[in-house]
1. Can you say what percent of the DSSP beta bridges in the range 6-159, counting only those with both residues inside, are antiparallel? Round to 5.
2. Can you tally the net charge around E129? Count Lys and Arg as +1, Asp and Glu as -1, for every other residue whose Cβ sits under 13 Å from the Cβ of E129.
3. If amide H atoms are built 1.01 Å from N in the plane of the peptide, which residues on other chains or at least 5 residues away come under 5 Å of the amide H of D54?
4. What does the charge count near R36 come to, summing +1 for each Lys or Arg and -1 for each Asp or Glu among other residues with Cβ under 15 Å from its Cβ?
5. Could you run the Karplus curve 6.51 cos²θ - 1.76 cosθ + 1.60 with θ = phi - 60° over the range 117-125 and give me ³J(HN,Hα) per residue in whole Hz, x for Gly and Pro?
6. Just from the alpha-carbon atoms, what are the Rg and Dmax of the range 6-159 in angstroms?
7. Using +1 at the Cβ of each Lys and Arg and -1 at the Cβ of each Asp and Glu in the range 6-159, identify which of Y127, I101, G88 lies farthest towards the dipole's positive end.
8. Give me the distance in nm between label points sitting 7 Å out from Cα along the Cα-to-Cβ direction at L8 and R84, one decimal.
Amino acid sequence: MSEIPVRLARLGDAPRIANLSRTLIEAGLPWSWTPRRVATHMRAREHLTAIATDGGELAGFVLAQFGSRGVHIALLGVAPAYQRHGLGRRLVSWVEESASIAGLFAMHLEVRAGNQQARRFYANLGYRETTRSAGYYSGVEDAIRLERDLAVASPKLRQST
Ligand SMILES: CC(C)(COP(=O)(O)OP(=O)(O)OC[C@H]1O[C@@H](n2cnc3c(N)ncnc32)[C@H](O)[C@@H]1OP(=O)(O)O)[C@@H](O)C(=O)NCCC(=O)NCCS
C-alpha cells in the first residue's frame, strides 16, 4: 500500500469523521462524537484535526486538543481496510511533531479498557498506562489513561523539532 497523505481536515469532512468514529470507536456506546461535535472541535483555535484520504475515501483521522498542560488525543481511527500499514502511527506522529513545535511535551489520552488493539498500539508507540477511570464511557465501560513524555521521546522525533 502506497503512503496515504495526511492533511488538516476541513469542516466538510466532519460528517464522515463522525460516522467512522461511531463504528470504529463508539460501538456499543451512545454516539457522542456527532458531526456537530466534530465540527465544533474543528472550529476551536487550540484544536487540531488531521485526516488521511485515499482518493475520496476517508482512511483515518485524529483529533487533538492543545492545552497548557499538554496535548490530549481525543479521537484516533483508521478504517479497517487500512489498518496495520503504519497509518495510525503516522497520525499520532503528526500530532506529536505539532506538539513539540508548539513547545508541548506531555501527550495524554484515554482508551476503552476493553480495546486491547488500541492498548497494544499505544504501548508500541511508547505510551504508558497510568490510571483507570471506572464507568468513564457513559457508565458502560472503564477508561485507561495513557501518557507519553515527548521530552524523553525517540531521537528521531527530537531531531524533527
Ligand atoms: C488502533 C488503530 C488506530 C491502529 O492503527 P493502525 O494504522 O492499524 O496501526 P499501525 O499500523 O500504525 O500500527 C503500529 C503498531 O501498533 C501495533 N498494533 C497496531 N494494531 C495492533 C493490533 N491490532 N494488535 C497488536 N498490535 C497492534 C503494532 O505493533 C504495529 O506495528 P506492526 O504492524 O509493525 O507490528 C486502529 O487499529 C483503529 O483505528 N482501531 C479502532 C479505533 C481505535 O481503537 N482507536 C484508538 C482509540 S480512540
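1. Here the share of antiparallel DSSP bridges comes out near 90 percent.
2. Working: positive: R112, R119, R120, R128, R132, R145, R148; negative: E110, D142, E147.
Result for the local shell: +4.
3. A59
4. Net charge around R36: +2.
5. For the range 117-125, the Karplus curve yields 4, 5, 5, 5, 4, 5, 4, 5, 8 Hz.
6. Values for the range 6-159 (Cα only, Rg and Dmax): 14.8, 42 Å.
7. Highest projection toward the positive end goes to I101.
8. Spacing of the two 7 Å Cα→Cβ label points: 3.5 nm.
Readers should treat all values here as calculations from the given coordinates under stated rules, not as data from a laboratory. Nothing here was measured: the structure is a model prediction, and the numbers come from that model. For neighbour counting, all protein chains shown are included, and Cβ atoms are generated from backbone atoms with ideal geometry for every residue, glycine included.
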